[in-house]
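Here the structure comes first, spelled out in structure tokens, and everything after it is commentary.
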Amino acid sequence: MSNISALQKARYSYQPKLPTVLQGDINKITCSLGDPTESIADQDQVKALFKNTYGAPIVRFSEGSNDFSSKKINAGVILSGGQAPGGHNVIAGIYDGLKSANKDSKLFGFLGGPDGIINGKLVEIDDKFMDEYRNTGGFDMIGSGRTKLETEEHFEKSRKVCEANGINSVIIIGGDDSNTNGAVLAEYFKATNAGITVVGAPKTIDGDLKNEYIETSFGFDTATKTYSELIGNIEKDSNSAKKYWHFIKLMGRSASHIGLECALQTQPNICIISEEVEQKQMTLAQVVEEVTDVVLKRSARGLNFGVALIPEGLIEFIPEVGKLISEINDLLAHNADHFASLASTEAQKKWFASKLSAETAPVFTSLPTGIQSQLLMDRDPHGNVQVSLIETEKMIIEMVGKRLAELKSAGKYDGKFSTQAHFFGYEGRCAFPSNFDSDYCYTLGYSAFILMAQGLTGYISNVSNLHLPASKWAAGGVPLTMMMNMEQRHGHMKPVIKKALVELDGAPFKEFASKRDVWAVETAFTFPGAIQYYGPDDVCNMPTKTLIAEKA
Ligand code: FBP
């Protein structure tokens, strides 16, 4: 029996839409170069670190001519970090561009993420292999990984692997950290005359790799539509049974873009935005009080049910908990062996409680014990707390429940608070890419090929005007150094691509803020339903509400 679904079969033959400028003969495209560029901040320091790649111009594609057909390019592609719908289509776009320019060019896939280029694990991609993954979700075609490609040893090993396989271009499909590393690798290859170029593509469901030039990272569209379908279904259930408060934690690591987009799509009673919590310097008790207040107001109307969205990264944005986490990080970094030698979680917690400052120790002890343990778990390879493993939704439920119990015994509340906790994250990362992500990713890949065929390095593939139909999109490349500033990482100042958090004066947040008080007390749920791949444009080809609001 075949393991290919009817939808998968149908999606194999979906032809992603390209902007008009990329629709014709690939040998009739020209790269127009703009003026030299600067980094967004800390220009002198960034320039000093990227002596060979700093200041490159923005590139736009237009009709013209090129010599791509005379070039034999061997490229290697890496999928880096968490899965995001559309990654396979970036590879398809690179593959089709490369083969249509010159049939003798080759595309290799590095296996298992950055480890593949470091350890020489790669596979050549041919028509048959590629066709099995067109328009499908997941990163299973070549796998992904979270190894940080950042040391000179990594770069040297990568150079040798590329040389041994005749690879002269590397494409890194990743988020802000992976593209930062891509920029450093590009600089290294240029400084050492390795003759290998590096181009990036903006990936992450979190939506936090965006700026003036990158309108959205790929995967955000499909992931938020998937979560919104699920949230809408839960809202329908909640409003049918009228007996549960559903607390839904949503992925997105630090930024609350996913929560905000899902709130705009589903109009829940509560959606906490971490960036607002931080800006208002709210304590955990205040966050709990705000949630409790909505529960009380609905209860007063006889509505003992509702839906609350909680961003995955919330706890890091509550200033007092953020301080606690950074103290824990420091203690872990400097006492790793001692920490590991402690026999039980209880002993570890006790040790921490005795080492924390007078300011953060009470915050630690006030947290539910489960959360205390989760805060001490292993960090990811980038040193981040693994927020996907911290059950913030259960913490809020527990603390709101406690507060309501106090109010009940004081005779100030007589409602019911029955709860369900959910976490939506992994459900959305490998969904079949929406038409938007299928088209966007294919265009990103096709553009990445053009950048490398042009011999450009240290660039990220760039597609803009994404609120318009695909035919009207503009495509080109933006130098990675342009998006950089200096930030403190692990005690050292490092050049990094600036992460985009939710802007509280931005149009999507303002739209949400203008409506949330009504959504809080009334039952104004909306039900987006499943992603549609075939049908009218307004059903199957709409970008996110975030993108539409930002471009309005
Ligand atoms: P990227 O930044 O690599 O795209 O990954 C994002 C993400 O999905 C976050 O939303 C989430 O916190 C994290 O990955 C989960 O990581 P893991 O896959 O290692 O559990």
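The values are calculated or read from the model by the stated rules, or taken from the named source; none is laboratory data. Because the structure is a prediction, the values reported are computed rather than measured. Positions of Cβ are generated from backbone atoms using ideal geometry, with glycine treated the same way; all protein chains shown enter the neighbour counts.
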What are the pairs with Cβ atoms under 8 angstrom where one residue, in the range 389-408, is over 12 Å from residue 420 (Cα atoms) and the other, located anywhere, is among the basic types (Lys, Arg) and within 16 Å of the ligand (Cβ to nearest atom)? Sequence gap at least six, or different chains. 391/249; 392/249
For residues that are assigned to a loop (DSSP other than H, G, I, E, B) and within 16 Å of the ligand (Cβ to nearest atom), tally how many sit in the range 359-387. 8
What is the one condition in (1) closer than 26 Å to residue 416 by Cα; (2) surrounded by fewer than 23 Cβ atoms within 10 Å (Cβ to Cβ) that residue 309 does not satisfy? (2)
For the range 339-358, which residues satisfy the criterion of being in a helix (DSSP H, G or I) and touching a residue at least 12 places away in the same chain (Cβ under 8 Å)? 339, 345, 348, 349, 351, 352, 353, 355
What tally of residues in the range 388-413 results from selecting those that are part of a loop (DSSP other than H, G, I, E, B), within 18 Å of residue 293 (Cβ to Cβ) and of a type outside the set (Ser, Thr, Tyr)? 3
Elements of type helices (runs of 4 or more DSSP H) contained in the range 234-306, each with 1 or more residues being within 16 Å of the ligand (Cβ to nearest atom) and crowded, with 21+ Cβ neighbours inside 10 Å: 257-266, 274-279
Please go through the range 195-206 and pick out each residue that is more than 16 Å from the ligand (Cβ to nearest atom), buried (at least 19 other Cβ atoms within 10 Å of the Cβ) and outside any strand (DSSP E or B). 196
Which one is farthest from the ligand (Cβ to nearest atom), of the residues in the range 155-179 that are under 18 Å from residue 448 (Cα atoms) and assigned to a loop (DSSP other than H, G, I, E, B)? 168
Would you check if residue 498 is at pLDDT below 95 and either within 30 Å of residue 11 (Cβ to Cβ) or out of contact with any His (no Cβ under 6 Å at 6 or more places or on another chain) (or both)? yes
More than 16 Å from the ligand (Cβ to nearest atom) and either under 20 Å from residue 26 (Cα atoms) or out of contact with any Pro (no Cβ under 6 Å at 6 or more places or on another chain) (or both): is that true of residue 465 in this structure? yes
Scanning the range 493-548 residue by residue, those within 26 Å of the chain's Cα centre (by Cα), assigned to a helix (DSSP H, G or I) and surrounded by 17 or more Cβ atoms within 10 Å (Cβ to Cβ) turn out to be 508, 509, 511, 512, 516, 545, 546, 547
Being charged (D, E, K, R) and buried (at least 18 other Cβ atoms within 10 Å of the Cβ) is true for just one of 99, 51. Which residue is that? 99
Residue under evaluation residue 513, criteria (1) free of Cβ contacts under 8 Å to residues at least 60 places away in the same chain; (2) in the same structural domain as residue 178 (by TED's automatic domain parsing), criterion not met: (2)
Give the range 137-175 a look and list any residue that's buried (at least 24 other Cβ atoms within 10 Å of the Cβ) and over 17 Å from residue 112 (Cα atoms), or say none. 169
Going by what's in this entry, would residue 460 be described as within 21 Å of the chain's Cα centre (by Cα) and closer than 25 Å to residue 67 by Cα? yes
What number of residues within the range 220-233 satisfy the criterion of being out of contact with any Ser or Thr (no Cβ under 7 Å at 6 or more places or on another chain), within 14 Å of residue 307 (Cβ to Cβ) and buried (at least 24 other Cβ atoms within 10 Å of the Cβ)? 1
Residues (aliphatic (A, V, I, L, M) and modelled with pLDDT of 95 or more) located in the range 125-175: 125, 130, 141, 142, 161, 164, 167, 170, 171, 172, 173
